[in-house]
Amino acid sequence: MDGAPETAINGTYNLFLVALSIVIAVIASYSALDLAGRVTASTGVSLKACIEGGAMVMGVVIWSIHFIGMLALSASPMTYSVLTLLVSMVVAVFASGVALWLPYQFRQGSSMRGLALKLGSALAMGGAISGMQYTGMAARFTPTGE
């Protein structure tokens with residue numbers, strides 16, 4: 001036995017795509033912090049637009065960062081289940097919406113305070129990223145007969 005498990009994927013990474021994913025992640029992090037500030041300052045229709053639009057943008061960006069990273073790996077021929085990829089994007093969008101909604105609750109005098117708010121937002125974003133990650137990885141498979 002050569003030490004590598006049978007399930008290991010051997011391949012190489014396209015460094016341009018890896019770098020692109022990192023650059024998008026850095027820009028998205030700044031944008032997410034700015035957006036959270038806007039949500040806490042918004043009211044009425046603009047609040048709803050900030051939360052819904054922000055959830056869409058943050059979810060799609062998180063998903064894009066992950067998918068670009070997956071595309072960067074050149075291994076044996078792989079295909080993707082489009083339906084499972086879409087489910088992974090919905091997971092990221094929904095959890096991002098929760099993470100943006102929590103700061104609004106704090107402003108409204110919710111019983112959530114300080115650490116609980118931060119913990120809730122962190123768990124929502126962590127859930128968005130990990131749920132999207134595992135669902136997205138489940139969408140990638142090696143075609144049979146290859």
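Residue count for region 1-26, restricted to those that are aliphatic (A, V, I, L, M), at pLDDT below 90 and loosely packed, with under 12 Cβ neighbours inside 10 Å: 5.
Criterion applied to 140, 107 was being farther than 19 Å from residue 47 by Cα, at pLDDT below 85 and surrounded by 13 or more Cβ atoms within 10 Å (Cβ to Cβ), and the one residue passing it is 140.
Scanning region 36-58 for residues that are crowded, with 16+ Cβ neighbours inside 10 Å, under 17 Å from the mean Cα position of the chain (by Cα) and at pLDDT 75 or above yields 51, 54, 55, 57, 58.
The values are calculated or read from the model by the stated rules, or taken from the named source; none is laboratory data. These numbers come from a predicted model, not from an experiment. Please note: Cβ atoms are built from the backbone with ideal geometry, for glycine as well, and neighbour counts cover all protein chains shown.
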